[in-house]
Amino acid sequence: MKEQVGVTLDDVRRVAELANLELTVEEEPKMQRDLNAILGHIDQLNELDTAGVPAMAQVGEMLDGTLLSRGETLRTDEIRPSLDRSEVMSSAPETDGRFFKVPKVIER
(Lines give C-alpha, C1' and ligand atoms only; values in the text may rest on other atoms or scores of the structure.)
Protein backbone atom coordinates (compact mmCIF):
# COMPACT_ATOMS: atom_id res chain seq x y z
CA MET A 1 0.00 0.00 0.00
CA LYS A 2 1.23 3.49 -0.76
CA GLU A 3 1.85 6.13 1.90
CA GLN A 4 -1.25 8.20 2.56
CA VAL A 5 -1.91 11.28 4.61
CA GLY A 6 -4.47 10.42 7.27
CA VAL A 7 -7.43 12.35 8.55
CA THR A 8 -6.40 14.73 11.33
CA LEU A 9 -8.49 15.81 14.29
CA ASP A 10 -8.80 19.21 12.60
CA ASP A 11 -10.23 17.44 9.54
CA VAL A 12 -12.73 15.61 11.77
CA ARG A 13 -13.80 18.87 13.40
CA ARG A 14 -14.21 20.57 10.01
CA VAL A 15 -16.29 17.71 8.57
CA ALA A 16 -18.41 17.65 11.73
CA GLU A 17 -18.96 21.39 11.40
CA LEU A 18 -19.96 21.06 7.74
CA ALA A 19 -22.32 18.20 8.61
CA ASN A 20 -23.70 20.21 11.54
CA LEU A 21 -22.67 17.46 13.99
CA GLU A 22 -21.71 18.09 17.58
CA LEU A 23 -18.97 15.60 18.48
CA THR A 24 -17.71 15.30 22.03
CA VAL A 25 -13.99 15.32 22.75
CA GLU A 26 -14.23 11.55 23.32
CA GLU A 27 -15.98 10.96 19.97
CA GLU A 28 -13.45 12.86 17.86
CA PRO A 29 -10.61 10.27 18.02
CA LYS A 30 -13.06 7.44 17.29
CA MET A 31 -14.37 9.32 14.26
CA GLN A 32 -10.78 9.94 13.17
CA ARG A 33 -10.02 6.19 13.38
CA ASP A 34 -13.24 5.32 11.51
CA LEU A 35 -12.56 7.82 8.70
CA ASN A 36 -8.95 6.64 8.37
CA ALA A 37 -10.17 3.03 8.22
CA ILE A 38 -12.62 3.92 5.44
CA LEU A 39 -9.88 5.69 3.48
CA GLY A 40 -7.64 2.65 4.02
CA HIS A 41 -10.29 0.38 2.50
CA ILE A 42 -10.71 2.74 -0.44
CA ASP A 43 -6.93 2.76 -0.91
CA GLN A 44 -6.99 -1.05 -1.06
CA LEU A 45 -9.75 -0.95 -3.68
CA ASN A 46 -7.71 1.52 -5.73
CA GLU A 47 -4.92 -1.06 -5.94
CA LEU A 48 -7.15 -3.48 -7.86
CA ASP A 49 -6.51 -3.86 -11.58
CA THR A 50 -9.82 -2.98 -13.22
CA ALA A 51 -8.47 -2.55 -16.76
CA GLY A 52 -10.53 -5.45 -18.15
CA VAL A 53 -13.68 -4.74 -16.16
CA PRO A 54 -16.43 -3.09 -18.21
CA ALA A 55 -18.13 0.01 -16.83
CA MET A 56 -21.25 -0.66 -14.78
CA ALA A 57 -24.60 -0.34 -16.49
CA GLN A 58 -27.60 1.37 -15.00
CA VAL A 59 -30.33 -0.92 -13.72
CA GLY A 60 -32.80 0.46 -16.24
CA GLU A 61 -30.43 -0.39 -19.08
CA MET A 62 -29.93 -3.91 -17.74
CA LEU A 63 -33.66 -4.58 -17.40
CA ASP A 64 -34.58 -2.94 -20.71
CA GLY A 65 -38.32 -3.25 -20.10
CA THR A 66 -38.19 -6.86 -18.91
CA LEU A 67 -40.41 -8.05 -16.09
CA LEU A 68 -39.19 -7.56 -12.56
CA SER A 69 -39.61 -10.13 -9.77
CA ARG A 70 -43.27 -9.28 -9.04
CA GLY A 71 -44.33 -8.91 -12.66
CA GLU A 72 -44.10 -5.11 -12.90
CA THR A 73 -42.07 -3.31 -15.55
CA LEU A 74 -40.24 -0.02 -15.41
CA ARG A 75 -42.24 2.84 -16.87
CA THR A 76 -40.99 4.56 -19.97
CA ASP A 77 -39.16 7.78 -19.19
CA GLU A 78 -41.17 10.38 -21.05
CA ILE A 79 -41.77 14.11 -20.71
CA ARG A 80 -45.07 14.95 -19.05
CA PRO A 81 -46.56 18.28 -17.91
CA SER A 82 -45.67 19.41 -14.40
CA LEU A 83 -48.12 20.49 -11.74
CA ASP A 84 -49.51 23.97 -12.14
CA ARG A 85 -47.50 26.26 -9.81
CA SER A 86 -50.40 28.59 -8.97
CA GLU A 87 -52.64 25.63 -8.10
CA VAL A 88 -49.99 24.13 -5.82
CA MET A 89 -49.19 27.47 -4.18
CA SER A 90 -52.88 28.15 -3.52
CA SER A 91 -53.04 25.14 -1.21
CA ALA A 92 -49.84 26.02 0.71
CA PRO A 93 -50.22 27.47 4.22
CA GLU A 94 -47.72 30.23 3.46
CA THR A 95 -46.08 31.24 0.19
CA ASP A 96 -44.57 34.20 -1.58
CA GLY A 97 -46.28 33.12 -4.80
CA ARG A 98 -43.22 31.33 -6.11
CA PHE A 99 -41.84 29.37 -3.15
CA PHE A 100 -43.21 27.71 -0.02
CA LYS A 101 -42.40 29.61 3.18
CA VAL A 102 -41.39 27.41 6.08
CA PRO A 103 -40.13 28.20 9.56
CA LYS A 104 -36.38 28.12 10.11
CA VAL A 105 -35.43 24.90 11.87
CA ILE A 106 -31.62 25.03 11.89
CA GLU A 107 -29.86 27.72 13.82
CA ARG A 108 -26.11 28.26 13.90
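Checking the condition more than 23 Å from the chain's Cα centre (by Cα) and at pLDDT below 85, which residue from V5, V102, V25, V59 passes?
V5
Pick from L21, L48, L39: which is assigned to a loop (DSSP other than H, G, I, E, B) and more than 28 Å from E107 (Cβ to Cβ)?
Only one candidate passes the filter, namely L48.
In the stretch 2-18, what count of residues is obtained for those that are in contact with a helix residue (DSSP H, G or I) (Cβ under 7 Å, 6 or more places away or on another chain), in a helix (DSSP H, G or I) and more than 28 Å from V105 (Cβ to Cβ)?
Residues flagged as in contact with a helix residue (DSSP H, G or I) (Cβ under 7 Å, 6 or more places away or on another chain), in a helix (DSSP H, G or I) and more than 28 Å from V105 (Cβ to Cβ) within the stretch 2-18 amount to 1.
The values are calculated or read from the model by the stated rules, or taken from the named source; none is laboratory data. For clarity, every value in this text was computed on a predicted model and none was experimentally measured. Backbone-built Cβ (ideal geometry, glycine too); neighbour counts: all protein chains shown.
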